[in-house]
């Protein structure tokens with residue numbers, strides 16, 4: 001597994017436009033907004049032998065905190081995504097030098113919620129109608145991990 005820092009819009013689109021990752025990506029009314037966010041954020045690709053299979057999007061909120069979003073092609077779901085998540089968290093805290101990760105997840109996306117919990121993030125709040133999806137806005141479950149929490153998890 002390899003990380004590629006600084007993906008192009010097309011590389012990000014390659015993962016997020018996959019029909020099983022974001023089924024309504026092309027018709028999503030926020031597609032333009034997604035492109036603006038992707039340009040403003042640090043986009044990190046995850047590759048395996050099959051090529052680019054995942055993307056982490058880091059949106060810095062302040063000097064110490066960033067909001068993180070991710071997506072993986074179905075070929076990387078499961079063990080590969082968990083391995084990538086653990087290594088990304090290490091890169092987030094050690095490589096980027098940030099001290100707090102925030103991950104908002106659509107309340108209806110049970111797989112994503114299970115993924116962030118398995119990586120050690122803890123639930124902090126529910127934000128009403130925080131995520132723009134086709135058919136309307138959805139509530140987001142917001143998860144968080146600090147550098148101190150991660151260090152404790154890494155040594156347990």
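The values are calculated or read from the model by the stated rules, or taken from the named source; none is laboratory data. Predicted, not measured: the structure shown is a model, and the values here were computed from it. Heads up, the Cβs are rebuilt from the backbone with ideal geometry, glycines too, and the neighbour counts pull from every protein chain shown.
Quick look at the numbers
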| quantity | calculated |
| --- | --- |
| Candidate set: segment 65-81, residues that are farther than 18 Å from residue 147 by Cα and more than 12 Å from the chain's Cα centre (by Cα); chosen: the one surrounded by the fewest Cβ atoms within 10 Å (Cβ to Cβ) | 79 |
| Failed condition for residue 150, given (1) free of Cβ contacts under 8 Å to residues at least 40 places away in the same chain; (2) more than 27 Å from residue 14 (Cβ to Cβ); (3) not in a strand (DSSP E or B) | (1) |
| Answer residue from segment 18-49, given it is closer than 21 Å to residue 75 by Cα and modelled with pLDDT of 70 or more and is farthest from the chain's Cα centre (by Cα) among those | 49 |
| Residue under evaluation residue 102, criteria (1) crowded, with 19+ Cβ neighbours inside 10 Å; (2) under 13 Å from the mean Cα position of the chain (by Cα); (3) farther than 15 Å from residue 44 by Cα, criterion not met | (1) |
| Residue match in segment 77-100 (condition: at pLDDT below 95, over 18 Å from residue 2 (Cα atoms) and touching a helix residue (DSSP H, G or I) at 6+ places or on another chain (Cβ under 7 Å)) | no |
| Residues that are modelled with pLDDT under 95 and within 14 Å of the chain's Cα centre (by Cα), drawn from segment 119-141 | 131, 140, 141 |
| Residue list for segment 112-125, restricted to those being within 16 Å of residue 83 (Cα to Cα) and in a helix (DSSP H, G or I) | 112, 114, 115, 116, 117, 118 |
